[in-house]
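Visitor: Would you mind keeping the following structure in view while I ask a few things?
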Amino acid sequence: MQTLARVSCALLLPILFFAVPAGATETATDASAAAIELQSAIETAMTSHRDELAELKARLGQMETLKGYLLNEMGAQEHKSASHRQLLLMSQPPLENLAQAIRSNRLGYENLSEQLEKLQARYNAASFLFLNADDRIALARKQMDDIPRSQLPDDRKAALAAKAEQLIDILNEKKALGEAFRKGYENLAERMSALIKEEKTLDEKLMAEFQDRKKKLLFTTANPYRYIFDNGIAEAWAQLYNRIGTLLGLSAEGLRWEQIKRIQMSSWVFVLFWLAVILALRARSRDILQRLETKHETPQWRFRRLFLFLLRRSLLYQGLALLFGAYDAFDWPLLDFGLASVLFKIFLMLLLTRWALDFIEYKYGDASLPVLGAFVVTRLQRFFKLLRAIALVSIVFTWLAGMESVLTWILRDALTIVLLGWTLHFWQRAKQVAAEAARQGQAAPDPRKMKALIGWSYLVSGGGVLISLIGYSTLAGHWWAGWIKSATLLFWAYVSWNAIEEWRRDPYVQQDLGNDPQRHGGIHRLSWPLIQLCRALCLIGVVRGIVWAWDREGALFAWVTDLLNYTHTIGNLNLNLRGIVHAVVILFFTHIIVHIGRTLLDEKVLGKKALEPGLKDSVITILSYLAWSIGLLLALASVGVNATSLAVVFGALSVGIGFGLQTIFNNFISGLILLFERPIQVGDFVEVNGIWAEVKKINVRATVVQTFDNASVIIPNSEFISQQVTNWSFKDRRMRKNLNVGVAYGSDIDLVEKTLLDIADGFPEVLKFPKPEVLFLDHGDNALLFCLRLWVQVEDGAIVPSKIRFEIDKRFRDLGLEIPFPQRDIHIRSIAKELSPAAVMEAFRGDSVENEGAPSEKKIHNNPLPNGE
C-alpha cells in the first residue's frame, strides 16, 4: 500500500507542474506557495522513487539468489539427463533403471515447470517498479525545462531544477536496474523453458525405450545362473547393498533427502490428507455396511450381502491400494524411487488374498461340511496365506535387488518351486481324504471335475516354474500376474452375475405395479432395463478385463482396433465393423433409455397430472417413436449412411410400400391416427366384430386387446379406422344395464318397486347418478313385467348385474313374491268311449310288449277321435 501511495504521488507531480502555466500572473505570496507545493511534491516523488529503487535492488538480489539456485537445479537435472541418455545408448538397459530414470526425469522437469511459474510470478510482481521508465524520464525532463519559464523566484527555480535533476538520476538508475532485472529473467526463463522442452523430449524417448524393452524382455531368454560359479553371488550381494543404499539415500550417489525436500509441501499434504480420510471413513463405512448386511439377512440377498461383506472387511486395503495406485499411475511427484509402486502392489496383494479368505469364511464358515469339503476349505485358507507371503516377499525383494538380479531369480524360482510342491502335496493328500470319505459312505467328488481342477492347478504352478527355469523370467512373472488378474476378474464376475440374478428374481421386480402401488411406487419398472444394462456391462467388463490381464502391451487391442477400422465400400456406402458396433450400442442404449423414459414419464411426470389414461399413453407412445427415430438416425449415421443414402433408402421404401408393404404402411399410419385422434385409447372397452375386449396396447402395426376370457387378440390398426367399432367407454365410462323381472299376478307391485330399488342401492358399484329406476313394462301372458334400470362403470357391466339377480331371487323368496314361469291349462270337454282309462292303459301295455327288443324305436298310435273330435 505504501508503494502504491508513492507511485500515486509520483504520478501527481506532472499535474502539479502543469498547475503553474508560464503565462500566469500571480502575486508574490501565491508564487511562494506554489513553489513550496512544487518542492514538496518533488521531494515526495524522490522519496517514493528512492524506496522503489531500494525495493528493486532487493528484488534484484533475490533474483540473483534464485538464479543461482535454479542454475544449480538445472545443472543437476542436466547431469541426470546425461546419465539418462547413457541408458538410451545401452543395447539392453535394465528395466528398473529405465523406470527410475523416467520417474526422476518427470519429477525434475515438473519441478522446473513449477519454479518457472514462480519466477514468472516474481517478475510480474516487480515489473511495475520499472515499467514505463522512459516515459517517466521524458516527462520529468519536460517539467524541468518548464521550470525556467515559470514566474517563480530564481532561487526557487534553481532549487526545483536541482531536485528535478536528482529525480531524473533516480529514474535512470531504476531504468538500468529494471533492464538488468528483465534481461536476467528472460535469459533464465529461456534456459529453463529450453531445458524443460529437452526433458520432455527425453521423457518420450525413455518411455518408448521402456515399452520396447518390456516387449523384448517378455520373450527374451536369459540364464543368470551361469554367473553363480564366477563369483556372481558375491557381486549380486554387493549390488543389493548398493541399491539399498541408493534407495534409502545412504550412498554418495543417493541424494534421496534432497529429492524429498524439493517436492512441494502440497504433495505431502495431499497424501497425508487422503490417508487421514481413509482412516476416518473406515469406521463409519464399516458401520453403514454392517447395518445394510443386517437389514437384508434373507436368502434373496445372499450374493448382494457377500458383496457388502467383502467390501466391509477390506476397506483399509482398498483405500490404500487406490491411493498409491493413483500416485503410481499418474506419476505424481511424491517419491521418485518406486516406493508408491511397491506400496500399491503390496496393498493390492493384501486386498486380493483378503477377498479370497473372506469369501471362504462367508460361504463355508458356518456350514457343516463333509470330510473332503472340510479338508479343502482348510487347505485353501493355508494356500492363500502362503500365496500372500510369497507375493509380499517377492515384491519387496524385487524392489530392493532389481528385477534382473541373480538373487531375485533365485528367490523367485525357489518360491514358485515351493508353490508347485505345495500343489502336488495338496492333491496327493486330497485323493487320500476322498478315498477315506468314500469308505465312510460319503459321496465321492465328480472325477471329471477333479481331473479338470488337477490339470489346471498343475498347468498354472508347473507352467510358471518351467517358463522361469528355461530362462523366460519376465514371461514367468507375466504368467503369474495374468492368472492372478484373471482369477480376480472371474471371481467378481461370479459374484456380480449372481447378484444381478438375485435382483432379477426379487419379488418386488417380478410383481406387477397394480398389486401394491403405494408401497413400491412403480420403481421396480426401471429394474428390467437396469438389469439388462448391468448384464451387458458385466460381460463386456469380464471380456475386456481378461484381455487386459494377458495382453498388457495392447497387441490384441491394436489388432482388434485395426479390424474394427477395416472399411468395405459398397457403392457410396463405406461400412466398417466399428460403425456397426457403434450402431448396435446406440440401438441398445436407445432401447434402455426409451424403457426408462416411459417409466419415468408414466410414474413421475404424467402420473401426477390429471390426464386421461389414453392421453397419457398416447403422449408416451409418440415420444417413444420420436426417441426411436433419433436413435435409428444416429445408428445409420454411425454406420456411414449419409443423406444421399437415406434418400435412396426412402425411395426404395416407397417402391416397397407401393407393392408389398402397403398393408404394413396402412397399419402404421392407422396407428398414428389412433394415437393423435384417439377414437380408442388404452383402457377403453370396445366391441369389434362381435368381440368385447379392453384395449391394452396400441403398437406400430396392431393393437392388442384382451377379452373377458383373458385371451389376447391382435387386431390390425387399419380395422379400427376402416370398420365400425363400438367404444363403450369413449368419453364416458358409464353404461346402463336393464334387468327384466316378472312377478305373479296379484303381487304387491309397490313392494316389488321398493324391493328392487333397495337392492340397487345396496350395491356400491351402482352409480347414484343417474339414479336407479323401476319401470312397469307390461302385463305379460304369465307375469307382471318390470325393468330395473341402473348405471354402472363399464368394467362392472357383467359382474354387478349378476350379483343383483342373485339378490333379487333371494329377496323375493324371503318376501313371498313369486316369479312365475310360463304354463298352459288344458280343459278336456269330452272323450270317446273307446279311449276309456282302462282301454288306454291296455293299449299302452300292448305297445310296450310289441316294441320290446327295439328300445331305440317308439311307435305312437294316433287313433282319431270319433266325429272329428
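The values are calculated or read from the model by the stated rules, or taken from the named source; none is laboratory data. Keep in mind that what you see is a predicted model, and the values were worked out from it rather than measured. For neighbour counting, all protein chains shown are included, and Cβ atoms are generated from backbone atoms with ideal geometry for every residue, glycine included. To get the accessible areas, we keep the full protein, side chains included, count just its heavy atoms, and leave off ligands, DNA and RNA. Shrake-Rupley method; radii C 1.70, N 1.55, O 1.52, S 1.80 Å.
Visitor: Mind ranking Arg504, Arg544 by accessible surface for me, highest first, 1.4 Å probe? If you can, show how the numbers build up before the last one.
Guide: Values: Arg504 85, Arg544 145 Å².
My answer, sorted largest first, is Arg544, Arg504.
Visitor: Also, I was wondering about something else. Between beta-carbons, use under 14 Å as the cut-off and find the net charge around Arg379, counting Lys and Arg +1, Asp and Glu -1. Walk me through the numbers before you get to the answer.
Guide: Numbers: positive: Arg382, Lys385, Arg429, Lys431; negative: none.
So the environment of Arg379 carries a net charge of +4.
Visitor: Output needed: percent of Cα pairs per 10 Å distance bin for the range 40-180, bins running from 0 to the one holding the longest distance.
Guide: Calculated over all Cα pairs of the range 40-180, the distribution is 10, 26, 19, 15, 12, 9, 6, 3, 1 percent.
Visitor: Now, a different point. What are the ³J(HN,Hα) couplings of the range 487-495, residue after residue, when phi is run through the Karplus curve with 6.51, -1.76, 1.60 and θ = phi - 60°? Round to Hz, x for glycine and proline.
Guide: So the J values, rounded to whole Hz, are 4, 5, 5, 5, 4, 6, 5, 4, 5.
Visitor: In nm², what is the average projected area of the convex hull enclosing the Cα atoms of the range 663-803? Each step should come with its number before you reach the end.
Guide: Values: hull surface 41.9 nm².
If you wrap the Cα atoms of the range 663-803 in a convex hull and average its projections, you get 10.5 nm².
Visitor: A follow-up question, please. Give, as a single signed number, the net charge of other residues whose beta carbon lies under 15 Å from the beta carbon of Thr663, with Lys and Arg counted +1 and Asp and Glu -1.
Guide: Working: positive: Arg701; negative: Glu719.
Within the 15 Å Cβ shell, the charges total 0.
Visitor: Accessible area of Val605, 1.4 Å probe, to the nearest 10 Å²?
Guide: 70 Å²
Visitor: Quick one: divide the alpha-carbon radius of gyration of the range 726-828 by 2.2 N^0.38 Å and tell me what you get. It would help to have the intermediate numbers written out before the result.
Guide: Values: Rg = 15.6 Å, N = 103, 2.2 N^0.38 = 12.8 Å.
Expressed relative to 2.2 N^0.38 Å, the Cα Rg reads 1.22.
Visitor: Follow-up. Rounded to a whole number, what % of the accessible area of the range 670-815 do carbon and sulfur atoms account for, probe 1.4 Å? The partial results should precede the final answer.
Guide: On the way: 4120 of 8060 Å².
It is 51 percent, rounded to a whole number.
Visitor: Let me ask another. Please list 3J(HN,Hα) in residue order for the range 708-724, calculated via the Karplus relation 6.51 cos²θ - 1.76 cosθ + 1.60 where θ = phi - 60°; whole Hz, with x for glycine and proline.
Guide: 6, 8, 6, 9, 8, 10, 9, 10, x, 4, 5, 5, 6, 9, 8, 10, 6
Visitor: OK, next. In square nanometres, what is the average projected area of the Cα convex hull of the range 418-499? Working shown, then result.
Guide: Numbers: hull surface 28.1 nm².
The orientation-averaged projected area of the Cα hull of the range 418-499 comes to 7.0 nm².
Visitor: Still on this structure, please answer the following. Rounded to a whole number, what % of the accessible area of the range 80-222 do carbon and sulfur atoms account for, probe 1.4 Å? Present the calculation step by step, with values, prior to reporting the outcome.
Guide: Values: 3920 of 7430 Å².
Of all accessible area on the range 80-222, carbon and sulfur atoms account for 53 percent.
Visitor: Before I look further, what does the range 279-362 give for accessible area per residue, probe 1.4 Å, in whole square angstrom? Before the final figure, lay out each step's value.
Guide: On the way: 4190 Å² over 84 residues.
Value returned for the range 279-362: 50 Å² of accessible area per residue.
Visitor: Between Ala280 and Leu380, how many nm apart are label points set 7 Å from Cα along the C-beta direction?
Guide: 3.9 nm
Visitor: Given the range 288-435, what whole percent of its Cα pairs are spread farther than 20 Å? Please list the in-between numbers first.
Guide: Working: 6852 of 10878 pairs.
In whole percent, the long-distance tail amounts to 63.
Visitor: Hey, what do the phi angles of the range 401-409 turn into as Karplus ³J(HN,Hα) couplings, whole Hz, using 6.51/-1.76/1.60 and θ = phi - 60°, x for Gly and Pro?
Guide: 8, x, 5, 9, 6, 4, 5, 5, 4
Visitor: Please state, to two decimals, what the Cα-based radius of gyration of the range 56-133 comes to when divided by 2.2 N^0.38 Å (N = residues).
Guide: Values: Rg = 17.7 Å, N = 78, 2.2 N^0.38 = 11.5 Å.
Here the answer is 1.54, to two decimals.
Visitor: Using a 1.4 angstrom probe on the protein heavy atoms only, could you order Met192, Met207 from most to least accessible area?
Guide: Numbers: Met192 0, Met207 55 Å².
In descending accessible area the options line up as Met207, Met192.
Visitor: Counting Lys +1, Arg +1, Asp -1, Glu -1, what net charge surrounds Asp287 among other residues with beta carbon under 12 Å of its beta carbon?
Guide: +4
Visitor: Can you compute log10 of I(q)/I(0) for the range 677-724 with the Debye formula, treating each Cα as one identical point scatterer, at q = 0.14 Å⁻¹?
Guide: Calculated log10 I(q)/I(0) at the listed q: -0.27.
Visitor: In addition: Please work out the Cα convex hull volume for the range 763-812 and give it in Å³ per residue. Working shown, then result.
Guide: Working: hull volume 4.7 nm³, N = 50.
Taking only Cα atoms, the range 763-812 has a hull volume of 93 Å³ per residue.
Visitor: Give me the accessible area per residue for the range 690-737, probe 1.4 Å, as a whole number in Å².
Guide: Numbers: 2830 Å² over 48 residues.
Ligands and nucleic acids excluded, the result is 59 Å² per residue.
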